[in-house]
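This report concerns only the one structure given below.
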Amino acid sequence: MRHFPSTIAISVALAASAWAAPAAAQEASTAPVAEDSGLGDIVVTAQRREESLQDVPVAVSVLSGNTLDAITSTGSDVRVLAGRVPSLNIESSFGRTFPRFYIRGLGNTDFDLNASQPVSVVYDDVVLENPILKGFPIFDLDRVEVLRGPQGTLFGRNTPAGIVKFDTVKPGKTGGYARVSYGRYGTSQVEVAAGAADDNGFSVRLSTLFQHRDDWVDNIATTKKNDLGGYDDIAARLQLQYENGPFTGRVTGQVRIYDGSAIIFRANTQVPGSNELVGLGGAGTEFERDKVWQDGLNFQKLNTYNAGLNLEYDFGPVTAYSITSYWNGNFRSRGDIDGGFGASFLPVSGPGPIKFQAQSQDNVPSLDQFTQEIRIASNNSGGLGYQFGAFYFDEKLDISSYEFAGPTDATPSAIAIQRQDSEAYGIFGSVNYAFDNGLKFQAGARYNHDTRDFVASRPVETRPDFVLAPDPNTPVPPQAAKVKGKLLTWDASATYEASDALTFYARVARGYRAPSVQGRLTFSRTISTADQEETMSYEAGIKTAFLDNRVRFNLTGYFFDTKDLQLTAVGGTSNAASLLNVDAKGHGVEAELQAAPAKGLTFSVGGAWNVAKIDDANAFVAGCGSLAPCTVLDPARPGSPNIFSIDGNQLPQSPKWTVNWTAGYEIPVGNGAIYAFTDWYYRSKVQFFLYRSVEFSDDKLIEGGVRVGYRTDRFDIAAFGRNITNDASPTGGIDFNNLTSYVNEPRIWGVEAGFKF
């Protein structure tokens, strides 16, 4: 793996370059002791305009300030947001570069590089569709908003479950900040933002992030001490802005360069009949996160680039917006999929039974995404308000998948090639009316139209024993599919402000996900398609703020009914991935409490109870099969011993219970304050696949962090720890060879220094 020069040298160089522009997201970490003034208002842009969190008729949560600073300490990626707000889960079988998002149980475990997800990631009002774009690093952010439930009226595409929305700090001021940290396993992070503004309306902001971790996982099959787990992750953002009266124009350029390990698969981390992690010696041995026994290659490289142009003109009654964005990327990832050494038919193998050697590599030689949105929004704060606009999306994607007969082979035994061209457009509008008595109605609609052209083939096949019949010795000629979808989605809500302290709201929304195609032909011989997904969602809640705004409590209840939910049946004996449509229903309750009961003291508690189940008597999938002998808990279909009914199953990666909580306290000392902050996340049991099994599941996960330091108006020096209990939990599995899994991030402790200019 390629490593960059000395982390310290880079830290000094980047820090020296930061001599301008304040970071709104970082203010909390270098702020003086807070005045005894309650919680303060939280501003969100969940409806494409700035509003108070308490006034928005949407279940929305915000991460910023102390919490965002704490969870992004040293080396974290977007998965760190999992569980930090109610009903949000994020996991990945690719590691840092391909996150999979779930809200209220709705998501997709598909591991292919054109996988469609029902949770949309929106970065500065631009939808990021492909999975390798969704993991763009977290740095120099104003806030992260998580919008739950269908959001198809005002945002992008494929949002039936919700949105994770990132808003960066914009140019406009002169100042700067830098954060430098170092921790366990050589984990280091340098985050710098710098900018300047003149009196003629010109301003600039440069934001940079460098993350590094040494290889820390020891592969006992080699003589080297530590072989895996390291990375270098670099990201940068340059924004140039011009303001002149009613006009604002901003040009943005972004880049990410990742070079490091792919996720580390671990063979037979469970024994049949149990989901407890075991060590390399099998049953009765202690699991060691920093040790594996593998004979294959492991690497991952990702480059993504972005150029954007935002134009805004205030005509007085209305403001017109134009958002143009282009993203490009390329990606290579190879891993030891069997997670072990050798095979059972070879002289040496382990840990546990390895039925055959499995090495795969997935590449994106080229990804191009272009989006354009035009929007007009009224500027009035009372009476009739409105927004309307049009959206266009175009994506061109090439994927190459490789299988290797030997763990270190350079020549693949099978090659599958995919080409995907996607195009979509939408026309949308939303109106609202605020009455003098505190009642507000809102309604919106969007017409969605999507097309996708897909071609796949397997031109190389020299390992026919691992290819499904018929004709396993013959390369697969090109297969084509074209899918189209269209639907009018809509939402309607009512909000009633009973008092300054109490607001009621109710919302109904129709969500949509465009049709999908799956064409991974390295093991199978046919492509699969999924029809468009349609969701009806109903929710109601209360939002409260009382005791002079020292306590804020929000409560939401919801129900959804999804027709043709797009899911992917992965793995099994054939290791095939195929799309299917099933019906699903869900309901639950979400609650959030924030309090500042005394000067310097704050705490928060959030939680969710989610029931998200397949409701389809005709839904069947293959189980793990004889090669990975798991204990399937679902009934087999009569006459089909390894085909199981999944009707009534909780959706995969969907815990019924999640709880998150934080607490912070600061004491004035000198010109600043000594402070302590802790944050925690708990989730209940999850299944990894559509079928239920004993082994491919995890009973619970609980991760906590702590941060202790001293800060003034300009400086912040702290010690921190992440996953301080060293919780070791599997977060996913592979079921076609053995009882393979991958686990959560290790315990990290370290120190950090931050300063502002």
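From (1) among the small types (Gly, Ala, Ser); (2) closer than 30 Å to residue 273 by Cα; (3) modelled with pLDDT under 95, pick out the condition that doesn't hold for residue 670.
For residue 670, the failing item is (2).
Sort through 394, 368, 398 and tell me the only one that's open to solvent by 20 Å² or more (accessible area, probe 1.4 Å), modelled with pLDDT of 95 or more and in contact with a Ser or Thr (Cβ under 6 Å, 6 or more places away or on another chain).
Going through 394, 368, 398 in turn, just one is open to solvent by 20 Å² or more (accessible area, probe 1.4 Å), modelled with pLDDT of 95 or more and in contact with a Ser or Thr (Cβ under 6 Å, 6 or more places away or on another chain): 398.
Take the residues in the range 53-94 that are open to solvent by 20 Å² or more (accessible area, probe 1.4 Å) and not in a loop (DSSP other than H, G, I, E, B), then tell me which one is farthest from residue 592 (Cα to Cα).
It comes out as 79.
For the range 657-681, name all the residues that are farther than 19 Å from residue 91 by Cα and surrounded by fewer than 18 Cβ atoms within 10 Å (Cβ to Cβ).
If the condition is that a residue be farther than 19 Å from residue 91 by Cα and surrounded by fewer than 18 Cβ atoms within 10 Å (Cβ to Cβ), then 661, 663, 665, 667, 668, 669, 670, 671, 674, 676 are the ones that fit.
Within the range 205-234, track down each residue that is touching a helix residue (DSSP H, G or I) at 6+ places or on another chain (Cβ under 7 Å) and free of Cβ contacts under 8 Å to residues at least 60 places away in the same chain.
Scanning the range 205-234 gives a single hit, 214.
So if I check each of 684, 693, which one is touching a strand residue (DSSP E or B) at 6+ places or on another chain (Cβ under 7 Å), open to solvent by less than 10 Å² (accessible area, probe 1.4 Å) and modelled with pLDDT of 95 or more?
Criteria check complete, one pass: 693.
Just for the range 538-565: of the residues that are at pLDDT 95 or above and of a type in the set (Gly, Ala, Ser), which one is least open to solvent (accessible area, probe 1.4 Å)?
The qualifying residue least open to solvent (accessible area, probe 1.4 Å) is 541.
Within the range 235-249, does at least one residue satisfy the condition of being closer than 25 Å to residue 359 by Cα, touching a residue at least 40 places away in the same chain (Cβ under 8 Å), open to solvent by less than 20 Å² (accessible area, probe 1.4 Å) and under 23 Å from the mean Cα position of the chain (by Cα)?
No, the range 235-249 has no match at all.
I'm trying to understand the selection: among the residues of the range 177-188, which are touching a Leu at 6+ places or on another chain (Cβ under 9 Å) and either modelled with pLDDT under 95 or open to solvent by 10 Å² or more (accessible area, probe 1.4 Å) (or both)?
If the condition is that a residue be touching a Leu at 6+ places or on another chain (Cβ under 9 Å) and either modelled with pLDDT under 95 or open to solvent by 10 Å² or more (accessible area, probe 1.4 Å) (or both), then 180 is the only one that fits.
Looking at 568, 529, which one is part of a strand (DSSP E or B), closer than 30 Å to residue 404 by Cβ and open to solvent by 30 Å² or more (accessible area, probe 1.4 Å)?
Just a single option satisfies the conditions, and that option is 529.
Taking interchain pairs and intrachain pairs at least six residues apart, which have beta carbon atoms under 9 angstrom, with the first residue in the range 531-554 and on the phi > 0 side of the Ramachandran plot and the second polar (S, T, N, Q) and open to solvent by 50 Å² or more (accessible area, probe 1.4 Å)?
These pairs meet every condition: 548/37; 549/37.
Can you pull out every residue in the range 274-297 that is in contact (Cβ under 8 Å) with a residue 12 or more places away in the chain and open to solvent by 50 Å² or more (accessible area, probe 1.4 Å)?
280, 281, 283, 290, 291, 293, 297
The values are calculated or read from the model by the stated rules, or taken from the named source; none is laboratory data. Keep in mind it's a predicted model, so treat the numbers as computed, not measured. Reconstructed Cβ throughout: ideal geometry from the backbone, glycine too, with neighbour counts over all protein chains shown. Note: areas computed on protein heavy atoms with side chains; ligands, DNA, RNA excluded. Shrake-Rupley method; radii C 1.70, N 1.55, O 1.52, S 1.80 Å.
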